[in-house]
Structures are given as C-alpha cells and as structure tokens.
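Peer 1: Just passing along the structure, written as structure tokens.
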Amino acid sequence: MLGGDTGRAGRAGASILKYSETMCGIVGYVGHREAVPILLEGLARLEYRGYDSAGVAVQNGRGIVTRKLAGRIPALTELLARDPVHGRCGVAHTRWATHGAATERNAHPHTDCEGTLALVHNGIIENADLLRATLTRAGHEFATDTDTETLAHLIEDAPGASLEERVTAALGHVEGTYGLAVICAAEPHKVVVARRGSPVLLGIGDGEYFVASDASALLGRTRSVVYLADGDLAVLTPDGYRVLDRDARLQVRPVDALDGDFETLALGPYPHFMLKEICEQPETVRNTLRGRLLPAEGTARLGGLNLSPGQCARLRRIVILGCGTSWHAGLVGRHLLEELAGIPVDVEYASEYRYRRQLRLPGTLTVAISQSGETADTLEAVRAARAAGSLVIGIVNVVGSSIAREADGGIYLHAGPEIGVASTKAFTSQIVALVMLGLHLGRRRELLPLEAGRALVAELTRLPELVARTLELDPQVQALAPRYAEARNALYLGRGVNFPVALEGALKLKEISYIHAEGYPAAEMKHGPIALIDEDMPVVVIAPQDAVYTKVISNMQEVKARGGRIIAITSEGNGDLARLADHQLAVPPCSPFVSPVLTVVPLQLLAYHIAVLRGCDVDRPRNLAKSVTVE
Ligand code: AGP
C-alpha cells in the first residue's frame, strides 16, 4: 500500500485514486457568524490548488456584494480590509485558470446579468461554447471569457420557485465536471452546492454550515464533514442541510469525522505532494485529453494553437525548447512529431539556444515546453525565437504565465498545480500534449491516414486507465527500493522514445535522493559508461515491447556480463527476464507513441521511495526551486 512508511497506511485503505483532484478551490458558508473571515481562511488553505486569482461574494442583507482580483489570497484579504463586506452567507474561490486568462474580470465568483446570484465553480464545462451562444441569442450579456459564467446565466434562465430547483434545471443542460456553490439575493440565507466529477464536501457545525473543495479548508471550524457524491445537490441554511439527487429525492450521506493537521489534509492520504501528484496522473492525463479527442476524425482538436492552414502547410521545421524535465519531454516530442507529422525536429536546451545565433528559416515552428511558464531561460529563448521570426507555441501548465502570454498560441496541460519541486504529472501531461500535437499536425497535413489517427485516439482514450494500472506496481517498487537506497551512483538506459525516459528517471533520483545518476541511450553504454558497471552499480533498463526490444535485451546482457544489478521496466506478457534482470516491473502493453507515459511512472516511484528511505525532504529538495525564474 502507498505511503506505508509514514504510518498513513491504515487510513489510506481506499483506492489511492479516489483522491485525485485538480484545479481550483471553492469555499462557502452560511450561519450566525461573519462569513468573510471564514471564507478567507478556507481559501488560504486551498491555495495550493490554484493561486492565480480569487474572490468572494456575500449576502449583505440588501443583495449580493462581490470582491475579486487577479492575485493571491493575501491581496484579497487586503482588499477586503480596505473595502469590507458584511454578511453571514457567502461563497469564495481561488482559481487555477483553465478557460480565460487569470484576470480580475475572469476571477470567480461569477454573476448573472442582474447580479442577483453569484457562483463559484471548480471543474470544466465542456459544452460552454454552445451554451454561451444559446444564452447570448436569448439576450444574456457575458462579462467574462470563462466557461463557468454560463452556469450563472443558465440558472438565471432556469424555471423553478427555489434556488435548488433552478440549479437542478440548469445543470440538466451541462456537460463536464463541476463542484459548485451558489447564492442568490432572493433567498439570503441559503447556499446551494452541486457535484459532478470535482470534489466537494460539506462541513457540519452548530447552526452553521460550510462548503469546501477539500477538508483542509475546514480545519479548526468543524470536525464533521459530509462528502458529496457525483450527482448530489445540497441545500444549506442556518437551520440545517439536505442532500438531494437529480430528481430532488432526499439522499442520506454519512457524516465523517475529520482528523489530522492542514498539511495532512491538503495531502489527503499522501505523505508528500510528490507522491500525491504521481498518483493523480490517471486524472491529470484525463484532464489533458478532456474535450480534445475527435474519434471519428481520428485527430485532436487543439483550439489554442492559432495555427492557420497556410502556416500549417508551410511548416518545414520544428524547434523544441525547454529545461530539465521539460527538455526531456521535448526529446520524446521529437520522436512523436517526426513520426506522426513528418516534420524534422531539433530539441534545444533553452539556456543554450538563447545565446546561439538565430538563423531565420521560413516555416520554423518553435515549441516552448514549461510547467511553470516562468522559467527564465525558456522565456528568453522564446523571445529570441520570436525575434528571429519564428512562430512560437507554448505547452504550459500554469495558465496566464509569462510564456503562455508571450507565445502565439499553445496547449494548456490542465494538470493542476504541481507543488512537489520534482516534476511528475506535468511530464506525463507534456507527453500527452505532444502526442496530440503530432496527431493534429499529421492529420491536418494529410500525412497520417484516418485509420492510424483513429487508432491513436483510441489508445489515448484508454491511457488514463493504463496509468492507473501502472500505479499498482508501487508495492513492488517500494519493496525493492531498500536494496538501492545506499547506492552512490546509478545508470538509466533506454532506446528510442524511451531514451529520454532514462534521462528523466536519472533526474528524478538525482533531484530528490541526491544519488548521482546518469541516463544514456542503451547502445551508447558500450562507448564509455560500461566502464562504471560493477555489482554496486544499479542499472535501470527501460525495455518495453517495441521495435528495439531485442536490441535492449543485448544491452542488458552486456550489463549482466559485468556483474551489474538490473531493474528492468518491461511490458506485461514480455516473458520472464529473470535470467537478466534482478527486478522486473511490467507496465501494460501499449502503443510506442504513449509508452513513455507508462514507463516513467515506476521510475518516479523508485526515486520517491529511495528518497524517503534516505530521509530527504522529498517536496522541497535542497538547492532547487519549483520555478527557476532567474538565469
Ligand atoms: C524537474 O523535476 C525540475 N523541477 C526542473 O528540472 C524543471 O523541469 C525545470 O526547471 C523546468 O521547469 P519548467 O517546466 O517550469 O519550465
């Protein structure tokens, strides 16, 4: 079981995937106390979920008053100190922008045309464009670029005598995920909450009730919580709460007792954010894919690319820029884009690229990969590429970050905040984004046949499940980690699309356990590193079933012949490698285009468990920062 070494094993009995969640944080309150201090406290605790903009809406007895801004909770607290609002019923939000830049205008809460209701939302409304068009034709005026605002206008339009009736009617038109809380002027002491796909829980107090995206927001306020299930709708007033299903039938939900401190609850059952983020990958991969796959057309819809048909046809060269883990994703991207779109690709360390002479080559597309979107070297390389006349797209996780804003277009990962300094879920989502980019360009340039496109879309569709199955290797990884926790060096070997995974595995081990490790193309080993191999040198070999599998086997024989100890990452059904490998970790069989998304997972877990055994600060490793905003 994951996380046993920190004594959390018992409580983490339920499936580890139950806690995967992404993006924003919502909070709500109705009761006998001033709402704002309670809302701000909750937001501060949820800021690790999203921190690019925030806001509150409170019933002040005369209607609804909203305060919001682009920025973090301390700034919102200052704003409310300068311009306070009073009331005992309100909702609040801290954002991780997905639709619409991180601006004050797009910050939540969102209201309807008359400001008679206010709503906060965590999730993605997939048919927002359609709903917006219909509502606009019906005369509604939209004030933001967000998908969420459609919900406010839908409720405004919906039939029903009570807020809960109108919310239920409105949600009947919605496709996508939501955890939402809404208040309205007509019913001043009521909060209505609904859940589908995004986590929401209720806090039960004495004559007061709370709403939150996760329990960490309620610490110190109540120890009694009700976790809403998908499809639930709850009505909170000072007199009590009700949980209803889609047909307004009363539902009974258990009241759970909360224990543990903030760090514990924000982390859920996980001892570290890195492990939590490794385990979130089935969901984060699903979020990167969400709403982008077109099975019938055998392609991916990437609305944010802003690549005109002419620009797409004139593409002659792709230059990928990145640093660290993002550079490794770029190396995987080279294989994918050359194979799927037939365009030659160069992958550059951004820090080197920016100081080299930029050659103006028409038809060059520059792809800047960055989780934070703020890495100085990558940002400057983007500026250099633009100055050299290249079109630039960004593959970025942080919405509204500098690289996202300076690129001509791009792909957001939607992987949610990555707190652990060692990047994990961003890497797998970067590869998924690159597969979709290859698919999109290959189909648009009529290089990739429809059937091949459809097959890859089908493979991407089942990928979240394959990642979930790969995570079940954890007990095996945890069991073998103690044998390598005292190692001084390690070698990672891979071929083709999995050579960059070898580099990534080595980087993870270096970053968090401080063991020196190197990644190498497996065939390159004979040209030097093989001299390092002896019984003290753990060698991790990535050997999934693919076109170079037999070649990798011969490299494993070369290692074995020199007494090296091998951990093999192979494919289920690959047959027994016991003759060659001391340990075998088998990932589900899959297309070579997506295999790095699976083969990297056991390497993330191996680095994690070894670092924990060595007593390292896994989430805040020495000498490292999550976003390197300086040269
Ligand atoms: C990876 O685990 C490291 N945190 C680091 O190498 C990182 O990938 C690099 O600094 C690039 O960051 P970015 O993706 O935010 O640009």
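Peer 1: If R₀ is 51 angstrom, what is the calculated FRET efficiency for the pair ASP145 and TYR549, using the beta carbon separation as r and rounding to 0.05? Please report the intermediate quantities before stating the final value.
Peer 2: Working: r = 48 Å, r/R0 = 0.93.
My answer for the efficiency is 0.60.
Peer 1: Can you give me the three principal axis dimensions of the chain from its C-alpha atoms, in Å, biggest first?
Peer 2: Each principal axis gives a Cα extent; for the chain these are 79, 58, 45 Å.
Peer 1: Helix-only mean residue ellipticity at 222 nm, the chain, DSSP H runs n ≥ 4 weighted -39,500 (n - 2.57), per residue, nearest 500. What is it? Could you put the intermediate results ahead of the total?
Peer 2: Details: 20 runs with 211 residues, N = 631.
About -10000 deg cm²/dmol.
Peer 1: To the nearest 20 Debye, how big is the dipole of region 520-626 about its Cα centre, given +1 on the beta carbon of each Lys and Arg and -1 on that of each Asp and Glu?
Peer 2: Working: 10 positive and 11 negative charges, 45 e Å.
With Lys and Arg at +1 and Asp and Glu at -1, about 220 debye.
Peer 1: Measuring from label point to label point, each 7 Å out along Cα→Cβ, what is the LEU69 to ASP582 span in nm?
Peer 2: Inter-label distance under the simple model: 5.6 nm.
Peer 1: Taking just the alpha carbons, could you work out the radius of gyration and Dmax for region 123-237, both in angstroms?
Peer 2: 14.8, 47
Peer 1: DSSP loop GluC sites (Glu not before Pro) in region 72-114 with at most 16 other Cβ atoms within 10 Å of their Cβ, which ones? Intermediate results must be reported in sequence, preceding the final value.
Peer 2: Details: sites: GLU78, GLU104, GLU114; in loops: GLU104, GLU114.
Here the GluC sites (Glu not before Pro) that fit, given the DSSP loop and packing criteria, are GLU104, GLU114.
Peer 1: Suppose R0 equals 25 Å. What FRET efficiency, 1/(1 + (r/R0)^6) with r the Cβ-Cβ distance, do ARG445 and SER591 give to the nearest 0.05?
Peer 2: Working: r = 20 Å, r/R0 = 0.81.
The value I calculate is 0.80.
Peer 1: Based on the Cβ-Cβ distance from ARG469 to ARG62, what FRET efficiency comes out when R0 is 41 Å, to the nearest 0.05? Walk me through the numbers before you get to the answer.
Peer 2: On the way: r = 55 Å, r/R0 = 1.35.
It comes to 0.15.
Peer 1: Let me make sure I get this right: for region 168-207, a, b and c are the square roots of the gyration tensor eigenvalues over alpha carbons, sorted descending. Under 1.5 in a/c it's rounded, otherwise prolate if a/b > b/c, else oblate. Which is it?
Peer 2: Working: a/c = 3.50, a/b = 1.33, b/c = 2.63.
Because a/c hits 1.5 or more and a/b fails to exceed b/c, region 168-207 counts as oblate.
Peer 1: Between ASP239 and ARG290, what is 0.36 nm times their sequence separation minus the Cα-Cα distance? Round to one decimal in nm.
Peer 2: Working: separation 51, 0.36 × 51 = 18.36 nm, distance 3.95 nm.
That works out to 14.4 nm of additional length.
Peer 1: Next up: State, to one decimal in nm, how far the label point of ASP534 lies from the label point of ALA81, with both points 7 Å from Cα in the Cβ direction.
Peer 2: The answer from the label model is 6.2 nm.
Peer 1: List the residues whose amide H sits under 5 Å from the amide H of VAL319, counting only those 5 or more places along or on another chain, with H placed 1.01 Å from N in the peptide plane.
Peer 2: When sequence neighbours closer than 5 places are left aside, the close amide H contacts are ASP346, LEU365, THR366, VAL367.
Peer 1: Can you tell me how much longer the chain between GLN311 and ASP206 gets when fully stretched, taken as 0.36 nm per residue apart minus their C-alpha distance, in nm with one decimal?
Peer 2: Details: separation 105, 0.36 × 105 = 37.80 nm, distance 6.22 nm.
Here the answer is 31.6 nm.
Peer 1: List the DSSP H helices in the chain whose Cα atoms stretch 27 Å or more along the helix axis and whose mean Kyte-Doolittle hydropathy is at least 1.0. Please list the in-between numbers first.
Peer 2: Values: long enough: 425-444 (28 Å, 0.73); 595-613 (28 Å, 1.64).
Span-like helices here: 595-613.
Peer 1: May I pose another question? Given contacts defined as C-alpha pairs under 8 Å and at least six residues apart, what's the relative contact order of the chain, whole-number percent? Don't skip to the answer; put the middle values down first.
Peer 2: Working: 1486 pairs, mean separation 72.0, N = 631.
Worked out over the chain, it gives 11 percent.
Peer 1: Using only the Cα atoms, work out Rg/Rh for region 345-435, with Rh taken as the Kirkwood radius, to two decimals. Walk me through the numbers on the way to the answer.
Peer 2: On the way: Rg = 12.8 Å, Rh = 13.3 Å.
The Rg/Rh ratio comes out at 0.96.
Peer 1: Quickly work out the ALA455-to-ARG405 label distance, labels modelled 7 Å from Cα along the C-beta direction, and quote it in nm with one decimal.
Peer 2: Here the answer is 4.5 nm between the modelled labels.
Peer 1: Loop only by DSSP, 15 or fewer other Cβ within 10 Å of the Cβ. Give me the GluC sites (Glu not before Pro) in region 404-512 that pass, ordered by residue number.
Peer 2: Values: sites: GLU406, GLU418, GLU446, GLU451, GLU459, GLU465, GLU472, GLU486, GLU504, GLU511; in loops: GLU418, GLU446, GLU472, GLU486.
Hits after loop and neighbour filter: GLU446, GLU472, GLU486.
Peer 1: Mind jotting down the three principal axis lengths of region 283-411 based on Cα atoms? Whole angstrom, largest first.
Peer 2: So the three principal-axis extents are 44, 31, 24 Å.
Peer 1: Here's something else I'd like to know. Please report the net charge: other residues with Cβ closer than 13 Å to the Cβ of LEU359, K and R +1, D and E -1. Working shown, then result.
Peer 2: Working: positive: ARG316, ARG317, ARG356, ARG357, ARG360; negative: ASP346, GLU348.
Neighbour charge sum, excluding LEU359 itself: +3.
Peer 1: Using the Cα centre of region 90-239 as the reference point, and only Cβ charges (+1 on K/R, -1 on D/E), how large is the resulting charge dipole? Debye, rounded to the nearest 20.
Peer 2: Numbers: 10 positive and 21 negative charges, 65 e Å.
Charge dipole, region 90-239, about its Cα centre: 320 debye, nearest 20.
The numbers here are math on the coordinates, done by the rules we state, and not lab data. None of these values were measured; they are calculated from a predicted model. Glycine gets a Cβ as well: all are built from the backbone with ideal geometry, and neighbour counts include every protein chain shown.
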